[in-house]
Every structure is written in C-alpha cells, then in structure tokens.
C-alpha cells in the first residue's frame, strides 16, 4: 500500500463558475486557473501522483501549454488514474477536505463522491468528501479563494 497527499488552492475570479469534483457549486463567481480550476480534482490528482512517485500536476499538465486552458480537471484525473494503473496500482480510498468560507459542499456531496468514484474506478463507499472553514482566518477566511486537500491510498494490483 502507498499513500499520497495533495493540496490545491485558487483565488476567486469576478465571473465564471466554481467547480468541485466536476460539480458546479457556485455560479456567481469563478476561479483564476489555467484549467477549470477544480481544486478537488487537482488535489486528488496530485495525491495520486505522489502515491506512486510520478511528480505533480504541473509536470503532467503544465500551465504554460495552451492545450490545458479551460481543461476538464476530471479528465486530467482520469488520465492520471490510467498512469497509476500502468505502474501496477489501483486506488483503494480517497479522503478530500474542501476549505472555503462561503462555498457549501453538503448539498453537492453525493454527486461529488459519485463523480470521483467513477473517475477513480472505485466504489463510492471508498470516497470521502467533507468541508471546513477557517473561521475567518487568512485569505480563505476572507472568502478570497478556495482550497482542497486530499489523501489517497493505492494498492498493488495483480498483473
């Protein structure tokens, strides 16, 4: 078994949408990002890459390359799931925490978990999504952006 940890954060933008695990959770503002800015998908992707020592999100999807502008982060995560499989591992479990002051996760949790489970090729019961605030502390507490952390466990598969 191996474990990886991922973190992602983005500043809010004046327009667009906020997407978490492929779900639009806020349509009154967006995030400043190269891709669709899905902090949940990005944190899980980095955690997966870390678990199998394949670098980070920027190594595989550099923001300097125009092809990633507006990219669907769940598709990027799916590509990494296949890389991880190619290294002989499969996802066992994932635990995500969204850190945001005003964006609410609870109404979207089931859909977020289902999207992640489908993308990670695991049962939804192995996917946890939760949220917290910083109680007004720092830039996240000032509602200037959003962040997510993820812990992913992978296990070797019989080849």
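General remarks:
- For the chain, convex hull of alpha carbons as volume per residue, Å³: 102
- Shape category assigned to the range 92-141 from the gyration tensor of Cα positions, a/c cut at 1.5: prolate
- Only beta bridges with both residues in the range 2-156 are counted; by DSSP, about 80 percent of them are antiparallel.
- Under the simplified labelling scheme, the residue 155-residue 1 pair shows an inter-label distance of 0.8 nm, with each label point 7 Å from Cα along Cα→Cβ.
- Residue order, fewest to most surrounding Cβ atoms within 10 angstrom, among 89, 5: 5, 89
- The C-alpha atoms of the chain define a longest principal axis, and helix 39-51 lies at about 30 degrees to it.
- Between 0 and 90 degrees, the angle of helix 73-86 with respect to the longest Cα principal axis of the chain falls at about 20 degrees.
- Ordering 95-101, 50-56, 29-35 by mean Cβ neighbour count within 10 Å, with the highest value first, yields 95-101, 29-35, 50-56.
- As a rough guide to protection, the peptides 66-73, 113-120 ranked by mean Cβ packing within 10 Å, highest first, stand as 113-120, 66-73.
Where a number appears in this text, it was derived from the coordinates with a stated rule and is not lab data. Model, not experiment: these values are computed from the prediction. Neighbour counts run over all protein chains shown; Cβ positions are idealised from the backbone, glycine included.
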